[in-house]
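In what follows, a structure is listed as structure tokens, so that the remarks can point back to it.
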Amino acid sequence: MKVVVLPGDGVGPEVTEQAVRVLRWFAQHRGLDLTLVERDFGIVNWHKHGTLMPDETWAQIEGADAILFGATGSIDQQGVVPPEERRKGSLLRMRKALDLFANLRPVRMPPALTEASPYKPRITAGVDLCFVRELTAGMYFGTPRGVETLPDGSRRGINTHSYTEAEIARAARFAFQLARTRRNHVTSVDKANVMEAGALWREVVGRIHREEFPDVGFENMLADNCAIQLARAPTRFDVLVTDNLFGDLLSDAAGAIIGSLGMLPSASLSAPDAAGRRRALYEPIHGSAPDIAGQGIANPLGAILSVALLLRWSAGRPADADHLEAAVAAALARGARTGDIAAPGEAVIGTSAMGDAVLAALAA
Ligand SMILES: NC(=O)C1=CN([C@@H]2O[C@H](COP(=O)(O)OP(=O)(O)OC[C@H]3O[C@@H](n4cnc5c(N)ncnc54)[C@H](O)[C@@H]3O)[C@@H](O)[C@H]2O)C=CC1
Ligand SMILES: CC(C)CC(=O)C(=O)O
Ligand SMILES: [Mg+2]
């Protein structure tokens, strides 16, 4: 399979390097058929090529079986790169153009990290939930958008939260199908009480549940309540289906359950084509983390666990995905800790040493 690697900005290259080492391990030791193509992504393209997205890079992206992405977000872009060019080279463009509507964000509590979590062990023990965040519509894509100048000379910023029935329905179907492979329960998150698009969301998801998935346990939950329930009782959740904005916020908040954003992976998937293949992009859910970039201290486990999702969803290798997830759990159980997940008094290792710990556990 052809995997296009886009390390991107900030800590992106640091964590992606470790994810690539792990992916190569499966090619070397488990017979994964792998062609890796690495390309610059982000401000570095602007400096080298005068564009954030060279045509050749876009062609590689379009021809990939899977994309392994690091992170986007560079302060250097602001005021330097024109807005049109920034859109052309953006992660949002990839999500939209490849129609990656289903963003899976699994959150699983490794027993070894009980002390790293800010929550009490009785809250976090056994947490195993998965967001299905709609990724190609809603607040980040709706029109009209922009900044306009009002008659009095002041400005107004506009973004539009909009969803069609079809956009809601496909995210809902994905969530119900996923739930059938897990603990068979879906929580649909919205603000149906105050937003018209939220009321439509609730109506469409409820109809799909009744008509197509009556065997799956189901509840609706308002997004603000969901934020508190994730903190008080995260084990009550199995699959959560959310719009683009609420899923972005709530999944970052769920990172606190585990102790760090650096732990959480994601898969962004299209619908399957006639041959059953989905376009797919895998990335940790965190951003470029400029506060720690360049120091070799970022936690690469979100990126490495994204490789497990790639093995499961794009390579069709669920046993290898399980093996990698078990290796991450084993490395943590043996005490491997980057600074973000270390409890007071625990020894801290850097990004590449964490990669070493996972590779050692894979081979054990
Ligand atoms: N998918 C992506 O590429 C995303 C990009 N961004 C962009 O990233 C830039 C920075 O945004 P922030 O709000 O600071 O969010 P962020 O996710 O980059 O960082 C938030 C906090 O988490 C910590 N953190 C993140 N990744 C970590 C890791 N691997 N190991 C240890 N700690 C980690 C950071 O040090 C920071 O304290 C912005 O330009 C933003 O637009 C933000 C979120 C997602
Ligand atoms: C990079 C941003 C556009 C969105 C974000 O924070 C995310 O997808 O997690
Ligand atoms: Mg986010």
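All of the numbers you see were taken from the coordinates with simple rules; none came from a lab. Keep in mind the model is a prediction, meaning the values are calculated, not measured. Cβ placement follows ideal geometry from the backbone for every residue including glycine, while neighbour counts extend to all protein chains displayed.
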- Would you mind calculating the relative contact order of segment 190-342 from Cα pairs under 8 angstrom and at least 6 residues apart, reporting the percent as a whole number? 16
- Task: Of the options L281, L222, G206, report the single residue whose Cα projects farthest towards the positive end of the charge dipole of the chain (beta-carbon charges: Lys, Arg +1; Asp, Glu -1).
- Result: G206
- Taking every DSSP beta bridge that has both residues in segment 117-254, what percent is antiparallel when rounded to the nearest 5? 30
- Task: Would you kindly derive the ³J(HN,Hα) couplings of segment 171-177 from the backbone phi angles with the Karplus curve 6.51 cos²θ - 1.76 cosθ + 1.60 (θ = phi - 60°), listing them in order in whole Hz, with x for Gly and Pro?
- Result: 5, 5, 4, 4, 5, 5, 5
- Note on the structure: For segment 251-349, listing trypsin sites (Lys or Arg not before Pro) in a DSSP loop whose Cβ sees at most 14 other Cβ atoms within 10 Å gives R277, R334
- Message: At 222 nm, what value in deg cm²/dmol follows for the chain if DSSP H runs of at least 4 each add -39500 (n - 2.57) and the sum is divided by all its residues, to the nearest 500?
- Response: -13000 deg cm²/dmol
- Please state the charge dipole magnitude for segment 117-254, taken about the Cα centre, from unit charges on C-beta atoms (+1 on K and R, -1 on D and E), reported in debye and rounded to the nearest 20. 460
- Query: Which whole-number percentage describes the relative contact order of segment 18-127, with Cα contacts under 8 Å and a sequence gap of 6 or more?
  - Reply: 18
- Item | Cα centre as origin, Lys/Arg/Asp/Glu Cβ charges: the chain dipole, Debye | 580
- Given Cα pairs under 8 Å that are at least 6 residues apart, what percent is the relative contact order of the chain? 22
- Query: If you count the DSSP beta bridges with both ends in the chain, what percent of them are antiparallel, to the nearest 5?
  - Reply: 45
- Quick one: which of 73-81, 314-322 comes out on top by average Cβ neighbours within 10 Å, and what's the full order, highest first? 314-322, 73-81
- Note on the structure: Everything considered on the Cα gyration tensor (a ≥ b ≥ c; rounded for a/c under 1.5, else prolate if a/b is larger than b/c, else oblate), segment 117-254 must be described as oblate
- Message: I need the phi-derived Karplus couplings for segment 342-348: 6.51 cos²θ - 1.76 cosθ + 1.60, θ = phi - 60°, integer Hz, Gly and Pro marked x.
- Response: 8, 7, x, x, 7, 5, 10
